[in-house]
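K.L.:
Here's a structure for you.
What follows draws every value from the coordinates through simple rules; no lab data is involved. Being a predicted model, the structure only gives us computed values, none of them experimental. For neighbour counting, all protein chains shown are included, and Cβ atoms are generated from backbone atoms with ideal geometry for every residue, glycine included.
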Amino acid sequence: MRVVIAEDLVLLRDGLTWMLQAHGMTVVRGVETGPELLAAVAEEQPDVLIVDVRLPPTFTDEGLRAALEARRTSPGLPVLVLSQYVEQLYARELLAGGSGGIGYLLKDRVLDSTEFVEAVRRVAGGGTAMDPEVIARLLTHNSGNGAVASLSPREREVLSLMAEGRSNAAVAQQLVITERAVAKHTASIFTRLGLQPSDDDNRRVLAVLAYLNR
Amino acid sequence: MRWSRAVGWIGRGAAAGAKGVALGAVGLLAGLPLFSFAMVLSMLLHDGTADRTTHGPYHTWALVAAALLAATGPVWQRRLTDWTRRLLGRWCGVRIRSPYRPLPVAHGTEQRMLRLGRMLADPATWRDLVWTAVNACGGFLLVLAPVIAVIYGLGALASLHGGSGPPPELPGVPLPTLPPVPVQPAPQAGLAALLTQPWRHGALGLWAVVPLGLALISVALLAAPRLLTGYGRLAAALLGPTREAQLAQRVEHLAITRSDTIDSGAAELRRIERDLHDGAQARLVAMGMTLNAAEQLFESSPQAARALLAEAKQASAKALAELRDLVRGIHPPVLADRGLPDAVHALALDLPLRAQFSGELPGRAPAPVESAGYFAVSELLANVSKHARAQQVWIEIGHTGGALRIVVTDDGHGGADPARGTGLRGLERRLAAFDGVLAVSSPLGGPTIATLEIPCALSSPKTSSS
């Protein structure tokens, strides 16, 4: 798997490179600025992009804008955005296209390498990886929504994990329940929220996110 | 259509006349304390020449009255003049700002005396007196004139109809008795005589009185609103703050807001210091100790060392989360990245209720204004989700008339009052540092509409650097 990393802190960039390579991925280019990132994407055609939101030269949301631009020029290009903080506004912008291959995680998540590498793989494979904090805030924002409020505590757990982008199998593993139990919860959630059920993990995730982001 | 217009026209004239009379009366009332004081004083002075022993009690009472009037007169004068200002604002469309210097809050006699001294030392007090004199010596005639004219005109028409004069078929015949009008005016010459005693001018006079009376009433009704406006201008010239007073008020305002700003800045730094000390700093110390312990156990008990390492990792994650919250409280990242509209939009998305955001700015406001606006909205929204029991909130942002304007509306139960809530007061104070204002309309039962305005210029929109 070929990866391009855009991160201006050398320590973090090297750490990420080392971690990904230890898990059998190839970091083909490490860049520091937004414009460099766009050039690297055009030249390397990577399988996945890992981008820090805040990059030089503006030190604002340079990285995010470069990532969105990269997805405009090469549609479907998997992008994992990392940040010191997460904002629902940015999550919405990333998800606005409605297609998968999007990740948005706190930099803290790098601390758990297994989880992090799993997220990179998921995004590269066209899946979704939303930070638990994004989902928590999304659910708080929806707390006035009767349909969401009517879910049982277990169903809420399943909904959160699903919204983070996990497959039914991964949710089952996380909650230590059977996959069939997860499927039952998922069906119930979809009925309560009035969503069209789907067998495809990825499509399910996107439907839930679109619903919560209404 | 034409009728309704005529009725409106008459109504406007009549209303202006009534308002004018009320204003003149309030103005005269404001002169009452001074007038009474002068009367009492003159009585005293006259009395001084008479025998003091016989007039003792009278003398004492007069002195007491003079003292009372002197002590309370300026207060009453000020209240009544302020009333005039408010009425002028409502009726004449002239906004007159209060020109007075701020007064200390008074408890006890000594402080009351001090307050009175301050009041007397304020030039605005003496300008009020000038206005009172101008009003009493003729200013009020300006607004009274149309009313008098209308009464004259009506009186003329009534005299014709009521048959108060002698029968028209006997013109020129010497009057046997006085005509039975309630009050017989003295014989007058010219127009006034024609209007009040038309029978003296024969049939011609009797019939000329109709158009003349009507014309007088029409002119008076037409002139009344204009005269009221003129009166308002005259009053504004004397009752408004002078340029000097305006500057003095401005300096006062700046001094207060500056010290508020410094205070809140210092308090903010203390808060950050405390948060760092109790939060991230403490966690890093704990993390160092845990790592130290893990290092020592590394050989003897790898299992325990592993548990400690996991604990250290958790502590680092918590420290990061706390630092993140702290940074958000100092300068929110979205505000730095994108500017105010997006930052406020992000705030709306984090609310635990439905939120609708609209509006945009054609450029970016200066950073301190952005920050003040952001934290003000953040506080308003926090109030909404904490107290209003609202289902939905609407946030609108814009820049009109040289001011940044943000309106936060919620469908909660209302009843928010800046006078009671210290939060809203603090918010007002912080906005005042930027000459910003907060207006809250929150009737019981809702909705609550909070509007904040900060005067500022926008910089031209930043072009994307990508």
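K.L.:
Just to confirm my numbers, what's the Cα centroid distance between the range A:29-76 and the range B:101-156 in Å?
P.N.:
If we compute the Cα centre of each part, the gap is 72 Å.
K.L.:
How far is it, in nm, from the label point at A:Val10 to the one at A:Ala210 when both lie 7 Å from their Cα along the line to the Cβ?
P.N.:
4.6
K.L.:
If you average the C-alpha positions of the range A:144-179 and of the range B:369-432 separately, how far apart do those two centres end up, in angstrom?
P.N.:
So the separation of the two Cα centres works out to 36 Å.
K.L.:
Here's something else I'd like to know. Based on the Cβ-Cβ distance of A:Glu43 and B:Glu295, what FRET efficiency does E = 1/(1 + (r/R0)^6) give at R0 = 60 Å, to the nearest 0.05?
P.N.:
0.85
K.L.:
With a 10 Å radius around each residue's Cβ, average the other Cβ atoms per peptide and rank B:23-35, B:321-333, highest first.
P.N.:
Result, highest mean Cβ count within 10 Å first: B:23-35, B:321-333.
K.L.:
Could you grab the relative contact order for the range A:1-116? Cα pairs under 8 Å, six or more apart, rounded to a whole percent. Kindly include the intermediate steps, with their values, before the conclusion.
P.N.:
Values: 193 pairs, mean separation 25.5, N = 116.
Value for the range A:1-116: 22 percent.
K.L.:
Between 0 and 90 degrees, rounded to the nearest ten: what's the tilt of helix A:113-124 against the longest Cα principal axis of chain A?
P.N.:
Compared with the principal axis, the helix lies near 90 degrees.
K.L.:
Further, regarding this structure: How many Cβ atoms of partner chains, on average, are near each residue of A:78-87 if near means within 10 Å of its Cβ? Don't skip to the end; give the middle numbers.
P.N.:
Working: counts 0, 0, 0, 0, 0, 2, 5, 9, 2, 12.
Average neighbour count from other chains, rounded to a whole number: 3.
K.L.:
Here's something else I'd like to know. Could you list A:Asp201, A:Asp112, B:Asp128, B:Asp82 so that the one with the fewest beta carbons within 10 Å of its beta carbon is first and the one with the most is last?
P.N.:
Starting with the residue having the fewest Cβ neighbours, the order is A:Asp112, B:Asp82, A:Asp201, B:Asp128.
K.L.:
For the protein assembly as shown, build the charge dipole from Cβ charges (+1 Lys, Arg; -1 Asp, Glu) around the Cα centre, then report which of A:Ile189, B:Val408, A:Val205 sits farthest towards its positive end.
P.N.:
Checking the options against the dipole of the protein assembly as shown, the answer is B:Val408.
K.L.:
Magnitude of the Cβ-charge dipole of the range A:2-130, K/R +1 and D/E -1, about the Cα centre, nearest 20 debye?
P.N.:
In total the dipole reaches around 320 debye.
K.L.:
Full-extension gain between B:Ala70 and B:Ala6, please, as 0.36 nm times their residue separation minus the C-alpha to C-alpha distance.
P.N.:
That pair, B:Ala70 and B:Ala6, stretches by 18.0 nm at full extension.
K.L.:
Set the Förster distance to 45 Å, then compute FRET efficiency between A:Lys184 and A:Arg72 from the Cβ-Cβ distance, nearest 0.05.
P.N.:
So, using R0 = 45 Å, E works out to roughly 0.70.
K.L.:
So if I place +1 on the C-beta of Lys and Arg and -1 on the C-beta of Asp and Glu, and nothing else carries charge, what would the dipole magnitude of the range B:333-455 be about its Cα centre? I want it in debye, nearest 20.
P.N.:
280
K.L.:
When the dipole is taken about the Cα centre of the protein assembly as shown, and only Lys, Arg (+1) and Asp, Glu (-1) are charged at their Cβ, what size is it in debye, to the nearest 20?
P.N.:
Computed charge dipole of the protein assembly as shown: roughly 2820 debye.
K.L.:
Multiplying the sequence separation of B:Lys318 and B:Glu396 by 0.36 nm and subtracting their Cα-Cα distance, what value in nm do you get?
P.N.:
That pair, B:Lys318 and B:Glu396, stretches by 24.5 nm at full extension.
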